[in-house]
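Here is the structure we will look at.
The values are calculated or read from the model by the stated rules, or taken from the named source; none is laboratory data. Keep in mind that this is a model prediction, so the values were computed, not measured. Every residue, glycine among them, receives a Cβ derived from its backbone with ideal geometry; neighbour counts consider all protein chains shown.
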Amino acid sequence: MTGTDVAARPDGAITPGETAGVPIEMVGLGRDFGSVRALDDVSMSVRPGEIVALLGPSGSGKSTLLRICAGLEAASAGQLLFAGVDQAGIAPHQRDVSLVFQHYALYPHLSALDNLTLALRYGRRQPKKAAVARARETLDMLGIGALADRRPAQMSGGQRQRVAIGRALARQSRVVLLDEPMSGLDAKLRVELRVEIVALLRRLGSTALFVTHDQAEAMAVGDRVAVLNAGRLEQLGTPDEVYDRPATRFVATFVGSPPMNVLDGTLAGGVLRGAGFAVAAPAGASAVGVRPEGLTLASAEPAPGAVAPLGDGAGVDDGAAPADGTLRLDGTVVVSERLGAERVIYVQTVAGPVAVRVPTGSSAQPGASVTLAARAAACAFFASDGALLPARR
């Protein structure tokens with residue numbers, strides 16, 4: 001069975017055995033639960049075989065969107081189309097969708113092999129011999145072929161989740177939906193498993209939606225990342241686009257570890273002035289943002305006999321902004337955090353705490369007075385409604 005086998009029936013349902021990923025189109029999707037709006041006018045297109053990570057905090061609408069795609073929830077507004085066919089009224093079992101839950105949902109009385117075989121025999125109507133062969137192949141690809149005869153109670157949490165994921169992927173569905181499938185696993189196992197999942201999805205060619213609240217996971221798994229907040233789609237883009245050019249202030253402060261530093265100010269005469277800073281800014285700006293790696297850090301301690309800089313982090317706020325568009329702040333180091341081959345320095349300024357990413361050799365210690373600077377190209381500006389403003393020319 002290959003991607004050339006796909007052909008939707010006139011009623012929009014799918015014949016078991018079709019395997020190629022299909023395009024997904026969401027047009028103005030909304031979902032209300034009484035007075036609560038869980039999804040609000042969500043529109044996006046997902047390409048065949050693409051993996052899109054749905055990222056957002058709890059309550060942002062990620063799982064609701066996934067359940068609508070699975071047919072477990074009905075949209076209150078808008079359309080959902082698979083390969084151009086409206087899915088309204090099509091039962092979940094007719095959509096050719098595989099769903100991986102946060103919890104394993106395995107049959108406790110069946111072995112790992114039988115859990116997969118059952119899904120293929122009754123979900124795909126495969127002959128027993130073919131179903132068993134496919135089940136063994138999938139378990140081997142997930143590195144648990146030796147556990148084929150074990151029941152869930154005889155396996156670790158990570159092994160059980162591998163079986164649950166294998167059961168979904170073995171069906172070679174045209175759409176695979178994963179709802180935080182690794183949230184209960186330790187960090188090391190999460191990294192290992194997400195690599196295996198992506199490799200399998202690439203091999204199968206299925207279109208996939210992967211729900212997570214873990215931004216590192218989203219950036220690693222997704223060809224593109226859809227950032228949701230309070231039921232609305234804030235941005236859909238590649239991991240690089242979402243990180244380097246966040247479309248909204250929310251995306252800027254949600255994506256990144258540490259996230260973007262955002263400082264509020266008041267615009268007058270082309271200059272955004274805030275507590276301890278003044279920087280040239282485009283029309284409509286109400287805040288300036290800079291990623292931790294976009295800042296440089298230098299000691300503000302005076303040399304012997306020199307005049308001391310402005311005390312207590314007073315910063316540069318004399319009403320003028322540097323002609324080259326540089327953002328400058330003075331502050332005091334509060335925390336120095338070692339993160340592998342780099343270090344994150346947290347600096348308290350009068351504008352608030354600011355994170356700076358530096359090489360591990362940085363000598364900045366807690367209590368030291370420092371000056372922070374960011375070139376104009378490293379700064380992003382946001383309007384009062386949170387939208388990213390075009391870069392200054």
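Listed by position, the strands (runs of 3 or more DSSP E) enclosed by region 339-393 that each have at least 1 residues that are over 19 Å from Pro322 (Cβ atoms) and of a type in the set (Gly, Ala, Ser) are 352-359, 369-374.
Within region 121-136, the only residue that satisfies the criterion of being within 31 Å of the chain's Cα centre (by Cα) and touching a residue at least 40 places away in the same chain (Cβ under 8 Å) is Gly123. Within region 241-248, is there a residue that is hydroxyl-bearing (Ser, Thr, Tyr) and either under 21 Å from the mean Cα position of the chain (by Cα) or not assigned by TED's automatic domain parsing to the domain that holds Val52 (or both)? The answer is yes, given that some residue of region 241-248 is hydroxyl-bearing (Ser, Thr, Tyr) and either under 21 Å from the mean Cα position of the chain (by Cα) or not assigned by TED's automatic domain parsing to the domain that holds Val52 (or both).
Can you find, within region 119-136, the residue that is surrounded by the most Cβ atoms within 10 Å (Cβ to Cβ) among those that are under 14 Å from Arg167 (Cβ atoms) and touching a Gly at 6+ places or on another chain (Cβ under 9 Å)? Only one residue fits best here, namely Ala135. Of the residues Ser336, Ser363, the single one that is at pLDDT 90 or above and polar (S, T, N, Q) is Ser336. The set of residues from region 191-217 being charged (D, E, K, R) and in contact with a Gly (Cβ under 9 Å, 6 or more places away or on another chain) comprises Glu192, Glu196, Arg202.
The set of residues from region 195-207 being touching a Pro at 6+ places or on another chain (Cβ under 9 Å) and assigned to a helix (DSSP H, G or I) comprises just one member, Ile197.
The single residue among Gln172, Gln159 that is touching a helix residue (DSSP H, G or I) at 6+ places or on another chain (Cβ under 8 Å) and buried (at least 22 other Cβ atoms within 10 Å of the Cβ) turns out to be Gln172. Against the list (1) in contact with a Pro (Cβ under 7 Å, 6 or more places away or on another chain); (2) in a helix (DSSP H, G or I); (3) not hydroxyl-bearing (Ser, Thr, Tyr), the condition Arg125 fails is (2). Checking each residue in region 251-274 for being part of a helix (DSSP H, G or I), buried (at least 21 other Cβ atoms within 10 Å of the Cβ) and of a type outside the set (A, V, I, L, M) picks out only Phe254.
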